[in-house]
């Protein structure tokens, strides 16, 4: 029985999902009940995965593995989910009639991501991925910016389904050649099959599907539109929990596939380089803060891939570490976006004017979040990037590291422009102070504190990331 | 870990100060200023203890603290002091304390100002004490980024442009430093970022020749190296007084110190191979900076370009790879830091009262505000290398070193000193002597309280001008060891 305790997070999720579903059946106060249930569920998953972090067990004919890696990712997914639910709590920017449903679909997507973290078999991995994606497909058009929402949703769904199809085809090739769907068996067989073009094609296609989730060039086209159209809460979820999930699978696949030495390495490096450069350059011209964050996310995904192309356990650890930090930085950034655009509209750079006077705490949170994204110490962004770049340098990717470092400099420009609006430019409209609830304040302190503390004291979390990476695939 | 961990204590001064400032409500500006001053005093006190306890004769680093930070990656909490960085720690404490006092009259957004300034000082102290490459780059960037806000919010003349230009230039520098640092780490194969161990590791010659320029240029940008110096005068002019002081006085030294502490000891063959090139660049710095300063009409631009010129002397001293040259370079870092701080403090007062820094509009200031003028003139004389002030000895040492290694360049540089003298005298004559301009507003001379920080700076310039061995005794033994490690 104690073995099944390791499934605590999943059980919590299932119960919560049912509770939310039941809450949505009721008439009055359905949104409130759904929200409360979502908070409770999210917290249970977070606590459950942290409590079971030392355990390791396998379930369902060894297709589902619980270990440090999976529980770490689950905790992160839960944190991202809670963040999304917290930001979506007032339902601003959401269609009135579906404000409660948002929590259900967020929960569903989180379920997929949680399963994704533990799936060690291709079919269950695929299913988990689809559960996570399909809920998001539904969430995006639920915003009240109809035109934008529909266009973004359509793009998201069409590109997403195409990516799924590509993933499936790649999967079929891999399964066809190896004769198994289990990752560890595939990992054992792949070195012998590495010269086989069809296997390489299969891996490439499978990888492409995952890179879509991470919004890496050239699979990033959905990201800016989705970030812009989706309500703040949903966008925050996509930017945090969903990204961590994608990094987790990617790490698993990279560890399993033993790609180093294959022909896939160079294309992957090129994708990382283009992703960083393109994301950063396009972000410079954005006025909508969420769109800017979307392009910055494309660039950030590029940094993660820089760490992964090292194909060492150090690179994997750095990628996992960075994924966790990335969640915190982005959560902080989206918290500010949600408060500045409290009526549900997307804040532009001009809306940030005078923020230091309207709410010094939010301005500070924005400053720390953006400096972290830019990779400026003492925030965790610097430390995380240092680990990523170091892993790549260790495998001789000096040109890639140089490009990544130059890219960080480019990115500082547009992050600083946003900081300039918040700290420097006067607010002609003379808007009054921005009210923050106790919850907002607490989150601001917690997130900025965490981002700085993890930047200066990375050792504890990094040790977890290392241990997690050694357990892969 | 030494007992007690004085260096960590020194770093904690601004950290605690920053926390205290952040926790103080913005409606109590007076309390915030007092906290900042107390922070500066505490840091100065710790540095004084360090200086008193420091034993110049003892080999190696002193007050060493070392404990693993990220074990698997070889990152250590590793601090130590030798004769090369002790003067710079002292410099930082002096300029920080006087900078806080100079800004006592600040009224606009006091809390944020002192918070960012303290953050910057954390970075500077960190760079000067750490012996771990990861933390070196970490602190290095901590010191750079607050500059943006400090200049953009509280600055003057084209402040947004100046701030952004400065930040991007300096970050281009770090974009070169970071890959080079990682290359060193992997090239050494020790799995450690410990600078003392990296300095003893063996690197291939080609590796050294390839990586050294990355470090030299990357750090050199912050040291105001020609032709990547243009951010520096623009940034100085835009920055508020104390930020200019910290910036020209301390921050530019971070660049030179990076070359001294990381680039040269770790990659000695690279330093030797590129020594001619870097010496030529440094000479261009000196000559070019002096000529451009001669043509400026804005007092702050004059100082900005004089800094470019003087930092060239530091780079030249380092390029000689000789004992005298490196001694002079370290001495010059200290001396120039104090001198520029005094320069900016003096100009800051004049600008605050008269709202102009244009030498064409100023005139006869020595009659209307004699004390404020005296401070500027003393700084200018120090800059010109007049005996009796500390820079004389520093520059002399560099020239002696250069004469032996690069005689032609040394002669050019000595000739360029006449230009330095010319622009100093030109500015002094135009702005401070002659008839007072009627168009200028009447303004009181500098008061007693505001004279104190400036007088402290003057005191150090004179003290080391007459008793240079106070500092050379500290620097020399370390330099001897340092030069022995070079080819």
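A short reminder: the numbers here are calculations on the coordinates, not readings from a lab. Computed from a prediction, not measured in an experiment: that's the story for all the values here. Cβ coordinates were reconstructed from backbone atoms using ideal geometry, including for glycine residues, and neighbour counts include every protein chain displayed.
What the table below lists for this structure:
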| quantity | calculated |
| --- | --- |
| C-alpha center-to-center spacing [region A:366-408, region B:343-412] in angstrom | 40 Å |
| Computed P(r) (all Cα pairs; region A:1-57; 10 Å bins; percent) | 26, 42, 22, 10, 1 |
| Computed [θ] at 222 nm, helices only, for chain A once each DSSP H run of length n ≥ 4 contributes -39500 (n - 2.57) | -25000 deg cm²/dmol |
| Distribution of pairwise C-alpha distances over region B:251-316, 5 Å bins, in % | 4, 19, 22, 21, 15, 9, 6, 3, 1 |
| Rounded, prolate or oblate (a/c below 1.5 giving rounded, otherwise prolate when a/b exceeds b/c) for region B:1-82 by Cα gyration tensor | oblate |
| Mean Cα-pair separation over length for region A:195-248, i.e. relative contact order, pairs under 8 Å, 6 or more apart, % | 32 percent |
| Kirkwood-Stokes translational diffusion coefficient of region A:196-319, alpha-carbon pairs, 4 °C, 1.567 mPa s, µm²/s | 88 µm²/s |
| Evaluated over region A:258-316, the Cα radius of gyration and Dmax, each in Å | 13.3, 42 |
| Where the Cα pairs of region B:335-487 fall when distances are cut into 5 Å bins, in % | 2, 9, 16, 18, 16, 14, 10, 7, 5, 3, 1, 0, 0 |
| Normalised convex hull volume, the protein assembly as shown, alpha-carbon set, Å³ per residue | 154 Å³ |
| Shielding by other protein chains, A:401-409, mean Cβ within 10 Å | 6 |
| Kirkwood Rh and Cα Rg combined as Rg over Rh, evaluated for region B:48-100 | 1.09 |
| Dimensionless Rg over Rh [region A:281-347; C-alpha; Kirkwood] | 1.09 |
| At 0.692 mPa s and 37 °C, Stokes diffusion of region B:226-384 via Kirkwood alpha-carbon radius, µm² per second | 203 µm²/s |
| Reciprocal mean inverse distance between Cα atoms of region A:175-236 - Kirkwood radius, Å | 13.9 Å |
| CD proxy at 222 nm, helix term only [per DSSP H run n ≥ 4: -39500 (n - 2.57); per residue of chain B; nearest 500] | -24000 deg cm²/dmol |
| Number of partner chain Cβ atoms within 10 Å, mean per residue of B:169-178 | 6 |
| Spatial extent of region B:30-178: Rg and Dmax, with the Cα atoms as the point set, Å | 17.0, 49 |
| Debye intensity ratio in log₁₀ form over the Cα atoms of chain A, taken at each q of 0.08 Å⁻¹ | -0.42 |
| Cα shape, region A:378-473, gyration tensor, a/c 1.5 rule | oblate |
| Against the rule of thumb 2.2 N^0.38 Å, how large the Cα Rg of chain B comes out | 0.91 |
| Distance between region B:42-121 and region B:197-216 - C-alpha centres, whole angstrom | 28 Å |
| Gyration tensor (alpha-carbon) shape descriptor, region A:363-418, a/c threshold 1.5 | oblate |
| Share of Cα-Cα pairs in region B:133-206 lying beyond 19 Å, as whole percent | 49 percent |
| At R0 = 51 Å, FRET efficiency that the Cβ-Cβ distance of residue B:445 and residue A:151 yields, to 0.05 | 0.15 |
| C-alpha center-to-center spacing [region A:186-263, region A:340-365] in angstrom | 34 Å |
| Crossing angle, helix B:110-129 versus chain B [Cα axis fit, 0-90 degrees, rounded to tens] | 40 degrees |
| Inter-site label distance for residue B:45 and residue B:437 at 7 Å from Cα along Cβ, in nm | 4.5 nm |
| Residue mean of other protein chain beta carbons inside 10 Å, B:62-72 | 2 |
| Stokes-Einstein D for region A:285-429, Kirkwood Rh over Cα pairs, 10 °C, 1.306 mPa s (µm²/s) | 102 µm²/s |
| Relative contact order %, region A:159-220, counting alpha carbon pairs below 8 Å whose residues are six or more apart | 46 percent |
| Over region A:262-305, relative contact order from alpha-carbon pairs under 8 Å, at least 6 apart, % | 48 percent |
| Per residue Cα convex hull volume in Å³ - calculated over region A:1-117 | 93 Å³ |
